[in-house]
Amino acid sequence: MRRSLSLRWIWQSLKALGVTGKHVLFEPRTTEGIRSAESRAPRYRASFALVHDEHGEEACIGCSLCEKICPSTVITVVPGGKVESPATGKKRGTLEDFTLDLQACIICELCVQVCPVDAIVMVREQETPGYSREDLVLTMDKLYANEHDKPRYWGSGSALMEMQDPKKEVG
Amino acid sequence: MLDNPIVWAFAIGGPLITFLMGGGAVATWWERRFAGKMQTRFGPNRVGPQGILQPVADAFKMMQKEDIVPRAADRTLFNLAPIFPPFLVIASAAVIPFAATVDATGKYDPTGAVAELDIGILWVLSMAGLMVFPIWVAGWSANNKYTLLSGMRMVAQGISYEIPMVLCALIPVIYAGSLSLSDIVAYQHEHGWIALSLSPSMFVGAAAMLLFFLTSLAEANRIPFDIPEAESELIAGVMVEYTGIKFGIFMLAEYLHTIVAAALTSALFLGGPSPLFGPAGPIAGLIWMLGKTLVLFVLIYWLRWSLYRFRSDQLMDLCWKVLVPMSLLLVMLAALMVAGGFA
Amino acid sequence: MSAWEALRERFDLPEEPSAEEPPVIDVSRHVEMAAALKEFGFTMYVTVCATHFPEEAPKAKKGEDPPPPIPEHWEVATVLRRPGARSETFAWRVSVERPVVPTLFPLFAGADWQEREQYDLVGVIFEGHPDLRRLMMPEDWDGHPLRKDYAIDTRVHPWR
Amino acid sequence: MDIEDYDPDADLMALNMGPQHPSTHGVFRIKLILDGERIVKAVPYPGYLHRGVEKLCEKLTYVQITPIFDKHDYVAPMTNEQAINMAFEKLLGLEVPQRAKVLRTILAELQRIASHLLWLGTFTLDIGGTIGGGASLMMYTFRERELILDLFEALTGCRFHYNTHCPGGNRHDVPEGWETVVRHVMDTIEPRIDEYEAICDSEIFLMRTEGVGLISPDLALETGQSGPVLRASGIDHDLRRDAPYHAYDQVQVRVHVETAGDCLARYKVRVAEMRESIRLVRELLGLLEPGPIVGSKPIKSLVQFKASGGQVYVGIETPRGELGTYLVGGGDQRGAAPYRCKIRPPSLHAMSVLPYVLPGHQVSDVVTILGSLDPIMGEVDR
C-alpha cells in the first residue's frame, strides 16, 4: 500500500463525518417543486406573448423580422394586409397568423431583440406541460392570452436597444 | 410442548423475522431521509407522514415491474440466486441474543435468540461466509461482463475479509471461553464489555471491535468497501440484470446484512443486552441491545455518506497487509492476557 | 526573433504576417513546416481545419471574358501554439486539388484524432496516418458531411 | 484494436464501457481489453453526441450562431459564446468597449467557478461516492453552483443558455445591485471550498488519485492538452496570462501549476483556480465602469455583419482549456455567414490522451481518470 497506515486515517474520516454531520442540522436548500415566477429574476425568460400597443390594437405589423432571425426557425408569420388604424389614422401592417413552436425554441431572445414595434415579448412563467406535442405549439390565440395570463418580463425590443446603445451616456 | 425447541424457535423467530424485515424496510426509508438531511435536501417525504410509507410504495412498485431474464442467462441459477441472501442473513441473526433474563438467584441469562446454539459464533460466521455463493452465482448466471467482474470481486473480498473477521471474533471467544454468543454476553455482563471494560484487556477489545466493525462493513458491502457494487464503474454490480422484486430482494438483503452486522458487533463487543447502568431485565435488555445496534447502524450510514470507495487492489492490500496481521497480533495479545490473568 | 522572421526565407512567406489569412505553403513542405515550428518552440498541437471549396465559376466583369473556373480544391489549415509566457499561435495552410495531405501524426500525437475528424467530416485523406477511421460519424456513413456538396438536409437512414 | 484482433485464448476480456454508462460523463464509449482487472488496451469511440454544429454554423448568419454555440460545452456556455464572438470580432474587425470587456471577464470567471464546482461534484462521484461521500459533496457543490446560476439569471434572464454576447459586445447590461450580490456570493462560496477540501482530504481519496493517470509534460503538449490538465502536468501556460484577451491584461492572473501530472494534481489545480477566480471577480468588479456595452451597433437584422473572406483562429481559456475557433469567412452569398467554422474543443484533446494513459490501470481507475480530465461530451462530439 502506497500510503502508510496512520492515525491520519481516523482524523480525516472524522473531519469528513463532521462536515456531513453538520449539514443534518441545516435546513434543506432544495425547494419542493418549481420556483414560482414571482421569485424569479425580472429578466427571467420562459415563454412568449404577443402584446397590444397603447391604443389597444395588436402591436404586430407582420414584418417577419423575427421569423427570419430565428436560429431554429420555429416562428411562422403570415402577414395580413395594410389597413388604416382606427386609433391613429395611419396605415399599418397587420398580422394574419403567428405560430411559435416552443418544442424547438432555444429561448435566445433574438426575436424580441429585432422586433421594431415591441410586439413580441417574453413572459416569466413557463408553459404548462401538455399531453401532446401540439400543446407546445404557441398559436396566435395562446400568445395573446399569455399577455394577460402570465407575468411579463422586464423588457422589450426597444428596452434591449436602449440597453445596448453604443452611444449610451456615461453615468 | 414448551420444551420443544421448534416451538420456541417459531415463537421467537417469527417476531424476529418480522422485526428484521420491517427494520430493513424502515432502514431504507431512514437512510434516504438521513442522507437527504446530510446533503441539504429533503429525501422521501411524500408517502405517509414524513414519507415513512415510502418503502411500501417502493415494494409495490418493484412487484409491478416486468421480470426480465436475459436470453443468454442461465435461467435456473439466475432465478435461484436472489432467494438465498435474505435467507442466509436472517439465519445468521438466529443466534444473536436480543434480550436477557435475571433469575431469582441473580444469574444473568441472555435469551431472545431463536436458537441457543453452543457454536453460535461459528454459525454466524459460516452463514456470512455462504453469502459469497449466491452473489457469485448471480454474477455468473446473468452472463454479463459487469456482473461477472462484480461477482469475482465479491468472492475475492468475501473470502479475504472473512479471515480478519473470524480472527477478531475469536477474541471474545478467548475471553469468554465459549463459542456461544449467550455465554459471551453473560461474560461481558459479569466482567464489563469487551470493548469498554476499564481493564487492561479493554485496549485489545476496542482494537478488535474496530477491526471487526470494519471487516463486517466489507462483508456487508458498505462504503468504503462496496467494491462489488461499485456504481461508478460496474453500474450496479451483480444486480445489473435483475429487475423488479428480485432486485428488491437483493437490496433488502443488503440492508438486513447491515442490521445484523451492527447487532453482531454490539453482541460480541458491546455486551449486547447487558446494560451499562440501570436494571438488567428482559425489556431493558432489549432496549439496550436495540440502542447499541442503532448507534452502530447510524455510524455505518454516516460513514457511507461521507467516504469514498477503495479500489479493488487497495482493498486486498488493506486486508492482507494490514488487517490480517493486526488481527493475528490481537489474537495473540488476547491469549497472553487470558494466560496472564489480566482478563 | 519571431517565428515568422526565422521561417520567412525558408518557406517563401510574405514580408509581414497577415491578420486576415494564414500563409499558403506548398503541400510538399507541410511536414517540414511543422517540424521546423516544433523545433522553434511551437510544441503544442492546436488544431487542423480542412475546408472544401467546390468548383466555382467567378462572375465575369462587364466587357471581359469570363475568368477560368476555380477548380474544386481543399485547404488544410494547421495551427500550432508556443506555450508559456507571451504565448502565440502559428497557422499555415496548404491547398490541394486532390484531398490528400501528409499526416502530422509522427510529430504530434494530438494530430491523431483531429485528422481523423477532418477525414470523417471533410474527406481529406491524411497520408501515413496509422489509423484513419471515422471519428464522429458512424463507421458505415456515406459521404462527408462538411463538404459543400453535402446539403444540410441530405436524407439519411436514421438507424442502422 | 478491432474485434478481429481479439484473441480469446489470450485470457483477455473485452469490456465495452459506454455509451450508456453512468460514469462516462454523457455518451462516450471505451472498449477496454482487460487482463483480469488490469487494462491492456483502451480504444475510445467518441461521436455519440455529434450534432453537426459546424455544418449548422455554415447555414446560420453571424448573429444567429451565438445561441447555437451555447450548446457545445453545456457546463460553461458563457465561455463558448465568448470564444465564437471573439472570432467574429477578429474576422469582422469589431471593437469591444471597455465595460463589455470587463463584464465578459467577470462572466468568464464566474463561469469558471461554476464549471469547476460541477466538475468537483461529479469527480467525487466517479471516485466512488455515487451512493456515498461523493454524492454529499456533489449536493454541496451544486448548492453553490446554483448561486452563480442565479447571478446569471439576474443578468441575462436564463440560467443556462444565455445568448448574452453578440459580435462587438454584450447584449445585457448589469442590473441594479448585481455587483453587491456577486460580492456576497463570492463571500459565501470561499469558505465552502474549505469544506470540500475537508471531505476530499480523506486518505481514500488520496489513494484513489495519487499517481493515477500520469500525463507527462511531453505527452500533454503533443496531444494538445490545455487548461488545468496541462497545468497539472507542470507546463506553466495559461492564455489568460500569456495571451491576454478581454480585460485580463488589466488584472494579474496567478497561475497555479502542479508538477505531478496525476489526478490529484488536476484536482489541486482546479481547486486553486476556483480560489483565484473568486479573487479575480472581486478585483474585476472594481474595474466595471459605466459606459456602453456594445461597440458597433446592436443586433437589428439578420445580415448585419458581413465579411467577404479571411481566415482567423482565436483561442480562449475556458474552464476546460483552450477553446479555439478557426473561422473562414464569406459563406453566404451576402457574406453574412461563415464559410467554415472549426471548433477546437479542449475536451476532445483531453479524451485523445486516454489510449496512452489507461493501459496498466485498473477498471476502477478508468472513471477516475476520465473524470479528472473533465470531459463534456457535448463539446467532444459537437
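The values are calculated or read from the model by the stated rules, or taken from the named source; none is laboratory data. None of these values were measured; they are calculated from a predicted model. A quick note on method: Cβ atoms are made from the backbone with ideal geometry, for glycine too, and the neighbour counts reach across all protein chains shown. In case anyone asks, the SASA skips ligands and DNA or RNA and just uses the protein heavy atoms, side chains included. Shrake-Rupley method; radii C 1.70, N 1.55, O 1.52, S 1.80 Å.
Taking the stated definitions as given, is C:TRP92 among the aromatic types (Phe, Trp, Tyr) and open to solvent by 10 Å² or more (accessible area, probe 1.4 Å)? Taking the combined requirement at face value, the residue does not satisfy it.
Residues that are out of contact with any helix residue (DSSP H, G or I) (no Cβ under 6 Å at 6 or more places or on another chain), farther than 24 Å from A:PRO166 by Cβ and among the aliphatic types (A, V, I, L, M) within the range D:256-300 comprise D:ALA260, D:VAL271, D:ALA272, listed in sequence order. Close contacts from the range B:233-247, counting a first residue that is within 13 Å of B:LEU149 (Cβ to Cβ) and a second that is assigned to a loop (DSSP other than H, G, I, E, B) and among the charged types (D, E, K, R), with Cβ to Cβ under 7 Å and a gap of 6+ residues or different chains, come to B:ALA236/B:GLU229; B:GLY237/B:GLU229. D:ALA135 meets all of the listed conditions (1) surrounded by fewer than 22 Cβ atoms within 10 Å (Cβ to Cβ); (2) of a type in the set (A, V, I, L, M, F, W, C); (3) away from chain B (no Cβ under 14 Å); (4) not in a loop (DSSP other than H, G, I, E, B) but one, namely (3).
Look at (1) in contact with a helix residue (DSSP H, G or I) (Cβ under 8 Å, 6 or more places away or on another chain); (2) away from chain A (no Cβ under 14 Å); (3) part of a helix (DSSP H, G or I) and you find that D:LYS41 fails only one, number (3).
Kindly list the number of the only condition in (1) within 14 Å of chain D (Cβ to nearest Cβ); (2) in contact with a Lys or Arg (Cβ under 9 Å, 6 or more places away or on another chain) that fails for B:ALA263. Every condition holds for B:ALA263 apart from (1).
Look through the range B:297-311, keep the residues that are closer than 15 Å to B:GLY24 by Cα and open to solvent by 10 Å² or more (accessible area, probe 1.4 Å), and return whichever of them is nearest to the other protein chains (Cβ to nearest Cβ). Here the residue is B:VAL298. In this structure, does D:ASN80 turn out to be farther than 22 Å from C:ASP112 by Cβ, modelled with pLDDT of 85 or more, touching a Gly at 6+ places or on another chain (Cβ under 9 Å) and not aromatic (Phe, Trp, Tyr)? In short, no. Inside the range D:57-74, residues that are open to solvent by 10 Å² or more (accessible area, probe 1.4 Å) and either among the acidic types (Asp, Glu) or away from chain A (no Cβ under 11 Å) (or both) make up a count of 2. Considering (1) within 14 Å of chain D (Cβ to nearest Cβ); (2) out of contact with any Phe, Trp or Tyr (no Cβ under 9 Å at 6 or more places or on another chain); (3) assigned to a loop (DSSP other than H, G, I, E, B), the lone condition that A:PRO86 does not fulfil carries the number (1). Of the residues that make up the range D:321-328, is at least one assigned to a loop (DSSP other than H, G, I, E, B) and in contact (Cβ under 8 Å) with a residue 24 or more places away in the chain? Among the residues of the range D:321-328, not one is assigned to a loop (DSSP other than H, G, I, E, B) and in contact (Cβ under 8 Å) with a residue 24 or more places away in the chain, which makes the answer no. In the set D:GLY310, D:GLY286, D:GLY324, D:GLY261, only one residue is out of contact with any strand residue (DSSP E or B) (no Cβ under 9 Å at 6 or more places or on another chain), small (Gly, Ala, Ser) and open to solvent by less than 10 Å² (accessible area, probe 1.4 Å); that residue is D:GLY261. Scanning the range D:211-228 finds one or more residues that are open to solvent by 10 Å² or more (accessible area, probe 1.4 Å), closer than 22 Å to B:ARG311 by Cβ and either assigned to a loop (DSSP other than H, G, I, E, B) or more than 14 Å from chain C (Cβ to nearest Cβ) (or both). Annotation note: of A:ARG29, A:ARG8, A:ARG45, A:ARG92, the sole residue that is facing another protein chain (nearest Cβ under 7 Å) and either at positive phi or touching a Ser or Thr at 6+ places or on another chain (Cβ under 8 Å) (or both) is A:ARG29.
For the range D:327-343, a residue qualifies if it is more than 21 Å from the chain's Cα centre (by Cα), aliphatic (A, V, I, L, M) and either within 12 Å of chain C (Cβ to nearest Cβ) or crowded, with 24+ Cβ neighbours inside 10 Å (or both), and the qualifying residues are D:VAL328, D:ALA337.
Checking each residue in the range D:171-198 for being charged (D, E, K, R), within 12 Å of chain A (Cβ to nearest Cβ) and closer than 14 Å to D:MET274 by Cβ picks out D:ARG192, D:ASP194, D:GLU195, D:GLU197. If you go through the range D:300-320 and keep only what is within 23 Å of D:TYR245 (Cβ to Cβ), part of a loop (DSSP other than H, G, I, E, B), within 14 Å of chain C (Cβ to nearest Cβ) and not aliphatic (A, V, I, L, M), you end up with just D:GLY310.
Of D:ASP201, D:ASP150, D:ASP236, all but one fail to be at the interface with another protein chain (Cβ under 7 Å from one of its Cβ atoms), more than 18 Å from the chain's Cα centre (by Cα), more than 30 Å from C:GLY84 (Cβ to Cβ) and open to solvent by 30 Å² or more (accessible area, probe 1.4 Å); the exception is D:ASP201.
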